[in-house]
Amino acid sequence: MSVFSAPAFDGHELVSFCEDKSSGLRAIIAVHDSTLGAGVGGCRMYPYASDEEALHDVLRLSRGMTYKSALAGLPLGGGKSVIIGDPRSDKSRKLLQAMGDFIDSQSGRYVAAEDSGTGPADIRVMAERTAFVSGLDDNEYGGDPSPSTAYGVFLGIRTAVKHRLGVDSLEGLSVAIQGLGHVGYYLAKHLVTEKAKVYGADVSSENLQRAVDDLGVIPVDVDDILSIEADVLAPCAMGAVLNARSIPAIRAGIIAGAANNQLATDEDGASLQDRGILYCPDFLINAGGIVDVHHQRIGLPEAQKRAHIQRIEATLSEVLRRADECHLQTQEIAEQLAEEILASARASRGASLAAVG
Ligand code: NAD
């Protein structure tokens, strides 16, 4: 397996591999950039079809975390880890402890939080072996950052609607949510409260039914949700859903959701722009969760966390304004803005080192 020439490598500072035969752990930790701080990001457990697929995923996710934390104004770098295995059948206490040891061996360059396939209980087991974890019981949802992610995505939708449709309220507008899991459910709750019409689809009939029963979400077939006629499409299930096959059929004018890496390729961002669909970069509007994790770690009051998440509105407005002015993709502009933040941090660090020297 080639690492340096992997398409998603992009100058990663650290890529570390672990195979622990006694627990069955096979895992990768990646830290993309630590200019702003230690690489913080979720630990994902997934039954990857190959080692290459796992490497590609961890590199893309870790780079996304660099941009996400920079745009969210957090003193954190970009990192991520993946455990290769099925969370339903391969997870054990021994394996999670071995993951804790692996995280600890990076001496703080990487700090883990929960991600798909892992939850606060798993992170607590890792914490038996390392202090370099976040998201442990210190918010009103027992450490779960998903409600904060959903709040940030909701603010993103409101900002995009104002920008594109010129209205302040979501009342009467329709939103189609793909995936009614941790984030999708709370997002639907915000939207229903604002009197939006919410369509939803989920491969889990249990999760779909919960949203239908609790919130009055209108159920839609999983094969139809991406192409349903709606004002906003909110992908909240998995990555790479915006691709050459799905984009021609999309009828929503705005896409704003929580899933990481929604664009399968850079060309897909261009296709959305060509079709006049306003795409809100995922790593910008789904940052509520990492803001929550950071606030849990430093223990600031709830009101400060909420105010911090609300900054997503101003940042997204700036990205949408610049994208209109320059006729560039919103994703490109968001990445440029993050690079500007990183460059200025590097420059001020360089200046203070020179002053010391
Ligand atoms: P989750 O696993 O709780 O929910 C995902 C839901 O999508 C599940 O109910 C699942 O059954 C459903 N699903 C899977 N494939 C589907 C398909 N093809 N069609 C319809 N539904 C499908 O995950 P989550 O924590 O809600 O996160 C959702 C997305 O947001 C993920 O991509 C995650 O990486 C991203 N994200 C989550 C957070 C967070 O705080 N949880 C933060 C940032 C980004």
Q: Taking the Cα centre of the chain as origin, sum charge times position over the Cβ atoms of Lys and Arg (+1) and Asp and Glu (-1), and report the length of that vector in debye to the nearest 20.
A: 620
Q) What's the exposure ranking of K80, K195, going from fewest to most Cβ atoms within 10 Å? A) K195, K80
Q. Taking the Cα-to-Cβ direction at D223 and at E325 and moving 7 Å from each Cα, how far apart do the two end points lie in nm?
A. 4.6
**Q.** CD proxy at 222 nm, helix term only [per DSSP H run n ≥ 4: -39500 (n - 2.57); per residue of the chain; nearest 500]
**A.** -14500 deg cm²/dmol
Q. Can you list the residues, at least 5 places off or on another chain, whose amide H is less than 5 Å from the amide H of G37, using H built in the peptide plane?
A. G77
(Q) If the only charges are +1 at each Lys and Arg Cβ and -1 at each Asp and Glu Cβ, what is the size of the charge dipole of the range 14-126 around the Cα centre, to the nearest 20 debye? (A) 220
Q. In debye, nearest 20: dipole of the range 146-339 around its Cα centre with unit charges on the Cβ of K, R (+) and D, E (-)?
A. 520
Q) If you line up the Cα atoms of the chain on their principal axes, what length do they span on each, largest first, in Å? A) 53, 53, 43
Q | Value of D in µm² per second that Stokes-Einstein yields for the range 208-357, Kirkwood Rh from Cα pairs, at 25 °C (0.890 mPa s) | A | 139
Q: Excluding residues fewer than 8 places away in the same chain, name every one of the lysines whose C-alpha is closer than 27 Å to that of K68.
A: K80, K162, K189, K305
**Q.** Crossing angle, helix 182-193 versus the chain [Cα axis fit, 0-90 degrees, rounded to tens]
**A.** 30
Q: In Å³ and rounded to a whole number, note down the convex hull volume per residue for the Cα atoms of the range 14-126.
A: 88
Q: Could you state the angle between the C-alpha long axis of helix 205-215 and the longest principal axis of the C-alpha atoms of the chain, as a value from 0 to 90 degrees rounded to the nearest 10?
A: 60
Q) With the dipole of the chain worked out from charges on the C-beta (+1 for Lys and Arg, -1 for Asp and Glu) around the Cα centre, which of V232, Q329, F154 lies farthest toward the positive end? A) F154
Q) Once both axes come from the Cα atoms, what is the angle between helix 93-104 and the longest principal axis of the chain, in degrees from 0 to 90, rounded to 10? A) 80
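Read the figures in this text as sums done on the coordinates, not as results from a lab. Worth saying up front: this structure is predicted, and the values here are computed from it rather than measured. Cβ atoms come from the backbone with ideal geometry, glycine included; neighbour counts cover every protein chain shown.
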